1. Show the residues, 5+ positions off or on another chain, whose built amide H is closer than 5 Å to the amide H of B:Phe347.
2. Based on the alpha-carbon set only, what is the convex hull volume of region B:65-242 divided per residue, in Å³?
3. How high is the relative contact order of chain B, in percent, with contacts defined as C-alpha pairs under 8 Å that are six or more residues apart?
4. Among the lysines, select those whose C-alpha is under 21 Å from the C-alpha of A:Lys115, and discard any that sit fewer than 8 residues away in the same chain.
5. Per residue, how much accessible area does the protein assembly as shown have with a 1.4 Å probe, in Å²?
6. Can you give the mean number of other chain Cβ atoms that lie within 10 Å of the Cβ atoms in peptide A:76-85?
7. Using all C-alpha to C-alpha distances in the protein assembly as shown, build P(r) with 10 Å bins and read off the rounded percent in each one.
8. Below 18 Å, Cα to Cα, which aspartates and glutamates can A:Lys188 reach? Residues fewer than 8 away in the same chain don't count.
Amino acid sequence: MEVAKLTNVTRVYKIGEVETRALNGVSMAISDGEFTSLVGPSGSGKTTLLQLIGCLDKPTSGSVIIGGQETTNLSRNQRADLRKGTIGFVFQFFALIPTLTAYENVEMPLLLNGKTPAQRKQRVMELLEAVDLADRGHHRPDQLSGGQQQRVAVARALSTNPKMILADEPTANLDTANGEQVMEIMKKLNKETGVTFVFATHDPRVIKYASRVVTLEDGVIVKDTKG
Amino acid sequence: MINYFKLAYRNLGRHRRRSLLSALALALGTALLMFIAAFFQGEMRSSMETTLKLNTGHLQVRDEDYDPDKLSVAWEYLIENPDQAAAQIESLDPVLAATPRLLASGIVSVRDESAGVQIMGIVPESEANAPYRDGIVSGEFITADDREGIIIGLPLAESLDLRAGDSINLLVNTSDGDVDEQQFTVRGIFTTGTSAWDKGVVFLPLAKAQAFARAENHASIIFVLLNDREQADEVAAAIQGEGVVVKTWTQMNELLVLVEDFSNAYLAVINLIVLGVTATVIVNTLLMSVFERTREIGILSAIGMKGRQVIALFLAEASLLAFGGIGAGALAGWALSAYFGKVGVYFGDLGIGEQMLLEDRIYTYLTLDSAVSLIVTAFLVTVLASLYPARMASRMEPVEALHGKQ
């Protein structure tokens, strides 16, 4: 079953008089449970593609269907609702809310989804254990290492049981050991829960974990390898 | 539901000094406005009470041709046999005191110094003369049958270097257009705390004043004080008589009523200016916060926070700032108003005329209504002002915000 389907997607950025074609007629589908890497050099369009799949941005033309729903005509709030229940994000810069503890960061999407305190507590503890940070729940981000912060971000991304996790350069700011640890955790969660992972990366350490590698160059898919 | 206030509290705690300074600006603005409101209200209250108590009363019964500016004692402008009418008026329930007064113009002279005064013939024992009787600072008050005694105000006594027991010459314009002069003994010196009034008025017993000004058995006015000044129109309607007019305090103090209305408008403008400035500080603080937290807003948006929830988050921060700042300011403003309500602020003789008497010391007076209305207004202005940065945050496109672009 497809969790995301893009058809002939183009994204043009206009800065002043200059137009930049970040994606040019891209079509692809992502199936349930995939562990996919979007790879390519800087400026190839992989982050833009990830943002469109994540409903953070709208294409200039083409169709983006997420979980069976066409997203290109959705309002800002409708896109927020779709993200809230369907998609989890992990960013390159350990994107945690600095004033919240690790526990509260993981809890935030559950709050936005209207879960009860008991449901939230159970889910947050489960996830902190899954990323091996059960004893760091009360720590603020500035009291955690980069690897720990990224693991909290992974736990947060998983908190609402999304169909898909999108990760933009998740290991870019981590040393080898921490990068490996984060990837191992994500791979394990992919296997155990069946959640789909899509990465934008050019880190070979990430690519080696992928079950599918989609290569982009100058806004078009030049190679799509599975296996 | 998200605990916006918990998040807001922590966000404010990130930049404690900045948050404290913003709250301080609000506190200072609120305290200042509260004190100004208390000062204006105290001033207007004092002015109204003093003017009514000393000069006009709540009602005055006059001959229909009497002109209070001329102080004429010609019989055709006076009320004949005023004692009986005053007694009848005083018997009415809403009336605290009703007493005849003869008002004449005169000159006090001592050695080679002189001063123009209003000579007031009064019934000494009347409740309406309590401010003078209770305000005696030297000597004693006059009695009804005193034929040589006079009461003068403290500023006049000081300017003419007079003490109780000293003699003065008093010149009066009489009813037949002549002048008469007689020597009086200063029985007592009074102060009402209103130098502008005290320096220009002297008191004689009514009978003596009538004889002196040749206005036998006549009075210029019947001075009436009510238990509740709001009943003035009702009582005025009840005591109308042939050949006389009854003036209410609002008719006699049009300028003062106008000034009171104007002072409310003036206060509203000051409120607007000060609150505008403090609101700008809050907007600035929140705008800085929005700019600094652009990426964070992007993250919240990416995990599904809607625009109205982002607005709620920033409004919660503004509300907390407002709660702390306005709360502290209101306490400080109340404390200042309470202190100066007891000790007063000394201004001395402001030289304002009889139409608007002011005590030398103004006591601040803060009503609950005005305090609550100021607090509510300040809170609303702050929260409304914060809508701009809050909406700005809510309208950020997540993809741009995540890259730190506003």
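1. B:Arg361, B:Ile362
2. 116 Å³
3. Here the relative contact order equals 28 percent.
4. Partners within reach: A:Lys84, A:Lys163, B:Lys6, B:Lys306.
5. 44 Å²
6. The mean count of partner-chain Cβ atoms within 10 Å per residue comes to 4.
7. Per 10 Å bin, starting at zero, the Cα-Cα P(r) for the protein assembly as shown comes out as 3, 13, 17, 13, 9, 7, 7, 7, 8, 8, 5, 2, 0 percent.
8. Once the sequence-local aspartates and glutamates are set aside, what remains near A:Lys188 is A:Asp32, A:Glu34, A:Glu126, A:Glu129, A:Asp132, A:Glu180.
The values are calculated or read from the model by the stated rules, or taken from the named source; none is laboratory data. Given the structure is predicted, the values throughout are model-derived calculations rather than measurements. Neighbour counts run over all protein chains shown; Cβ positions are idealised from the backbone, glycine included. Areas reflect the complete protein model, heavy atoms only, side chains present, ligands, DNA and RNA absent. Shrake-Rupley method; radii C 1.70, N 1.55, O 1.52, S 1.80 Å.
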